[in-house]
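Here the structure comes first, spelled out in structure tokens, and everything after it is commentary.
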Amino acid sequence: MPRSASEIPDLKLVRLQKLIESFKMSPNLKLMTMFGSFNADSDEIKWESQTGTRGMTPFVPPTAKAPTLAPLGVAAHSAFAAFWKEKMYMGELWLNNLRQPGTTATYETAKRKLARELNRMRNRSDRRKEWMFSKMLTAGSFSYLGANGVKLSVDYGIPTGNIVTLGATRKWSTGSARNAMEDVFDAKLSFSNTIGANIDNAFMTTEVLKYLVFDPGIQTLLAKSNFGQGDLLSRPLPVLANLLDIANLFLYDEQFELRSWLTAAVTASSTTTVYVDDASDYEVGDTLRFIDTSAATYEDETISAVDADAGTITVATAPATSYKTSEDCVQTIKKFVPTNKFCMFASTVEGEKIAEYMNAPFGLDRSYGMKVDQDEEWDPEGLWVRTQNKGLPVLYNRDAIYVMTVA
């Protein structure tokens, strides 16, 4: 009697789940590891946040009633959890190699391929979770798709005074009156005055690190003849962390890729509005790469508008080459952290984490966290393997984040 794909030992659900859980999360993904997690009761995530000063218990007569605690700036939030998933197809020949009797080499090669593909799916799922944390910490909001394709968004309510755009003369890149140290210390002073907490984490990309390293004021202060050991260029992060008095100053250059297939032809030197199968996550100002998959050539244009509902991306200048529907694609590679922002936060306030990740239940078995499952096809014979996850980051202290646009 012929065996089904689900009877292959390495494709049993228990093994697949254990295999994908055994993979270590990429060490390059840092933001989502900084906060704890909790299993929510439903996919409607509810939490409370607060802003304002941290008070103290008032004096009252011993015979009087105790006053009710009323923290300043408390707000109730509610949002549906984000859900993400994707699947991978394994054809008949591939599956036969996976269970082929005889030589060990063929079998081991197929097992290694299965492990490699599952690890890739795990990494892609982790990157979506990391993306949500990066948006919370650098933008204070993000959008995603809910039930029936309805566009949802979550706004964490970070005070406008904590989202700062430096004026033209103060820009760390070219400002004539730039003073990075003063800007950072202004942020630290704001934290001290409003929430009584210290900034203990800050992160940026290499672009912003370059602005700090070559800031005239910092270079003058850290010159070997005046202060420090003259090692700003060789050890920029620890030197700057010591100078700015930020315990955990780290560089974050991790990237993610967006790739979409063309759903309408692109005509050379004419088409500026491009139709794709998924326009979500693309942003104005990003570089859009048009890829001719058969010729292995490409060209880059700048995005000027995005309409995720219509599935369109508009570029400032029409590409010089024509591209085919369903055969060619567009791509954007960008960093999780914007290359013009310096992001700071206090990891705890009054001894408690400022944020948390809420796992939401999904599926008929109310699964939590990353889940892998499978579905077999009869003609042509093959197997689909799918990964799923559902949840949402929550922010308990809205004023514990401070973001500066510095370039």
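The values are calculated or read from the model by the stated rules, or taken from the named source; none is laboratory data. In this text, all values refer to a predicted model and were calculated from it rather than measured experimentally. Note: ideal-geometry Cβ built from the backbone for every residue, glycine included; neighbour counts use all protein chains shown.
Here are a few things to note about the model shown:
- Here region 119-173 is the region considered, the condition is being assigned to a loop (DSSP other than H, G, I, E, B) and touching a Leu at 6+ places or on another chain (Cβ under 6 Å), and the residue that is farthest from Gln50 (Cα to Cα) is Gly146.
- Qualifying residue in region 318-332 (condition: free of Cβ contacts under 8 Å to residues at least 24 places away in the same chain, outside any strand (DSSP E or B) and over 30 Å from Gly196 (Cα atoms)): no
- Answer from Asn179, Asn193 - the residue that is in the same structural domain as Pro238 (by TED's automatic domain parsing), without any contact (Cβ under 8 Å) to a residue 60 or more places away in the chain and surrounded by 15 or more Cβ atoms within 10 Å (Cβ to Cβ): Asn179
- Note on region 59-78: residues that are modelled with pLDDT under 85 and either more than 36 Å from the chain's Cα centre (by Cα) or exposed (fewer than 10 other Cβ atoms within 10 Å of the Cβ) (or both) amount to 4.
- Within region 240-300, strands (runs of 3 or more DSSP E) holding 2 or more residues that are among the hydroxyl-bearing types (Ser, Thr, Tyr) and under 28 Å from the mean Cα position of the chain (by Cα): 273-275
- Looking across region 153-175, the residues that are touching a residue at least 12 places away in the same chain (Cβ under 8 Å) and surrounded by 15 or more Cβ atoms within 10 Å (Cβ to Cβ) come down to Val154, Tyr156, Gly157, Ile158, Pro159, Asn162, Ile163, Val164, Leu166, Arg170, Lys171, Trp172.
- Looking only at region 302-316, and only at residues there that are hydrophobic (A, V, I, L, M, F, W, C) and closer than 17 Å to Val266 by Cα, the one that is surrounded by the most Cβ atoms within 10 Å (Cβ to Cβ): Ile313
- Filtering region 372-406 to residues that are buried (at least 19 other Cβ atoms within 10 Å of the Cβ) and either within 30 Å of Leu212 (Cα to Cα) or in contact with a Gly (Cβ under 7 Å, 6 or more places away or on another chain) (or both) leaves Asn389, Leu395, Asn397, Arg398, Asp399, Ala400, Ile401, Tyr402, Val403, Met404, Val406.
- Residues in region 333-370 that are outside any loop (DSSP other than H, G, I, E, B) and farther than 24 Å from Asp253 by Cβ: Thr348, Val349, Glu352, Lys353, Glu356, Met358, Asn359, Phe362, Ser367.
- Residue under evaluation Ser326, criteria (1) of a type in the set (Gly, Ala, Ser); (2) modelled with pLDDT under 95; (3) closer than 23 Å to Pro27 by Cα, criterion not met: (3)
- Screening region 376-407 for residues that are of a type in the set (Asp, Glu) and touching a residue at least 60 places away in the same chain (Cβ under 8 Å) and picking the one that is nearest to Leu93 (Cα to Cα) gives Glu381.
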